[in-house]
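One structure below.
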Amino acid sequence: MAQDLESRLDRQNRYPGWNQDVLDNAAITLIGSGPLCHFVATALTGLQVGSVKIVDNSRFNGTPQNEFLYLDNPIPAAESKVYVLKDILSTMNGKMDIDGIHSTFVGQLVKDSNVLVDLTNNPGSKSRSFRFAVQQKILYISASVDRTKGTMISYDPNNPKQNQPAEGDFMHVEFKGQAQGAIPSGVIAGAVVDDIRRMLFKLSPGESAATNRIYYNLLSDARFKPTDDHEKADGSYYKDRKIAVIGAGALGNFVGINLALLGVGNVTFIDYDIISNSNLNRQPLFSFYDSVDRKKVDVITDILRKINPKVKFEGIDGKIVNSNEELSDEDKKKGVKPVDLSYLFEFDAIISCGDNPDVRLTLNDYVSRLRQTQNKVIPLLDGGTSPKNGNAAVYIPGINACIDSQLGYSAMPRIKQRCAADDHAPSVVYTNLTIGSLLCGELSLVLAPGMPQMPIKNPLFYTGISASRFGLQVIESQRCELCR
């Protein structure tokens with residue numbers, strides 16, 4: 001079945017106040033073609049903005065690093081990167097007008113843009129684009145990342161507090177000449193795309209663009225401050241690790257991209273769902289070719305192997321349960337296969353990307369009981385999102401509070417057979433991009449030998465309501481019987 005470009009927007013259109021007409025008429029210019037651009041451009045195809053221009057003068061010179069959109073396509077040396085990106089992104093969403101301009105930034109090329117986004121690590125480019133945006137009163141975002149940290153800031157000419165923005169705040173000179181890493185690119189890209197949306201229309205009266213610099217830093221104990229507390233660890237140990245990802249949907253897509261770019265040795269996805277058109281607004285790996293009506297685990301592993309053939313990706317078509325008796329009548333009618341929890345015993349970590357509390361509680365109970373009964377510790381990482389917010393939590397049995405004690409899933413209401421009823425909550429791409437990348441950032445610390453940098457003990461959160469966007473959620477609750 002071919003993509004239905006209308007029903008693919010169903011989930012985000014369900015959100016109160018969502019204004020797809022504004023997005024359909026938006027003209028966005030991205031400056032740069034590196035990993036940060038790849039994540040931002042991918043998310044924009046999910047939102048389905050009207051037009052996207054990518055301006056950059058880079059050419060292929062060897063194997064691309066962390067630039068996942070190229071997959072394993074043979075690309076001639078010296079080919080312009082923006083021309084290849086144009087073709088790939090046009091395939092991912094045929095309703096958008098996408099153009100590649102092989103050039104350094106020149107204002108005349110982008111004078112019809114609504115939003116100008118500089119995603120380079122080049123202060124000279126940022127100076128030129130910033131001055132043009134201020135002169136023309138164009139919405140502007142400047143973002144930069146390296147391998148462990150990233151930052152962004154926005155200029156909104158409609159905000160009276162930014163009548164005289166300081167150019168130095170937008171240059172990000174500390175990133176000059178640095179290679180862009182995957183995880184910081186994903187985290188910052190999610191915030192960038194959220195700011196693009198909020199600059200174009202608001203979902204709540206209190207929303208505003210990020211007019212002060214936002215930071216993400218894997219080397220900081222606080223994660224969202226620029227100062228380093230640790231040195232970067234060697235990442236060669238990833239290739240020997242085995243990770244289970246429960247759920248191949250929105251979070252699973254971005255977790256998968258990051259795991260491929262990290263070079264984790266073995267990754268197994270467990271999911272029983274089939275791809276629908278309405279998945280495509282936030283599950284970009286299913287947009288590279290006609291994948292509707294196919295199993296998610298089959299498509300996600302196929303695409304991720306193209307991003308990194310050195311990683312062993314496997315997909316299991318099934319649902320995690322304690323026993324076959326736990327399958328619902330609806331699941332049995334659909335022929336859903338049970339996957340016993342004991343299958344997870346040999347993994348080095350589990351990432352929960354499911355969309356209901358029951359799966360999370362089942363996994364939480366499993367890793368807790370393993371430590372109590374067999375003295376085996378399997379870290380559990382858990383993510384959840386909404387159109388405005390998201391959180392990422394880490395549970396290492398014996399070290400910190402369990403996922404339920406941190407986030408209170410056992411107190412959340414249940415929605416019976418939500419897939420059969422087709423009553424999924426609204427969902428958008430940028431919070432899933434942000435949280436999926438945060439999860440993989442914490443995983444990189446969980447996997448480090450001896451854990452020289454302790455993964456976070458309290459949940460990380462992203463919220464569109466706070467001016468700082470990111471933070472640590474302080475948990476005051478007592479530990480439960482599982483994690484005492």
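Here Gly124 does not fit the description of being crowded, with 17+ Cβ neighbours inside 10 Å and either among the hydroxyl-bearing types (Ser, Thr, Tyr) or modelled with pLDDT of 95 or more (or both).
Looking at segment 173-194, is at least one residue among the aromatic types (Phe, Trp, Tyr), in a helix (DSSP H, G or I) and closer than 25 Å to Gly235 by Cα? Yes, segment 173-194 contains at least one residue that is among the aromatic types (Phe, Trp, Tyr), in a helix (DSSP H, G or I) and closer than 25 Å to Gly235 by Cα. Within segment 340-365, residues that are assigned by TED's automatic domain parsing to the domain that holds Ala392 sit with their Cβ atoms under 9 Å from residues that are in a helix (DSSP H, G or I) and among the basic types (Lys, Arg), at 6+ positions apart or across chains, in these pairs: Ser352/Arg360; Gly354/Arg360; Asp355/Arg418; Asn356/Arg418. Under 6 Å by Cβ, and 6 or more places apart or on different chains, what pairs join a residue from segment 90-108 that is outside the structural domain of Asn57 (by TED's automatic domain parsing) and crowded, with 19+ Cβ neighbours inside 10 Å with one that is among the aliphatic types (A, V, I, L, M) and modelled with pLDDT under 95? Hits for this filter: zero, empty list.
Against the conditions (1) more than 22 Å from Thr42 (Cα to Cα); (2) in the same structural domain as Leu445 (by TED's automatic domain parsing); (3) buried (at least 16 other Cβ atoms within 10 Å of the Cβ), Thr211 satisfies every one except (2).
The values are calculated or read from the model by the stated rules, or taken from the named source; none is laboratory data. Small disclaimer: the values here were computed from a predicted structure and weren't measured. Glycine gets a Cβ as well: all are built from the backbone with ideal geometry, and neighbour counts include every protein chain shown.
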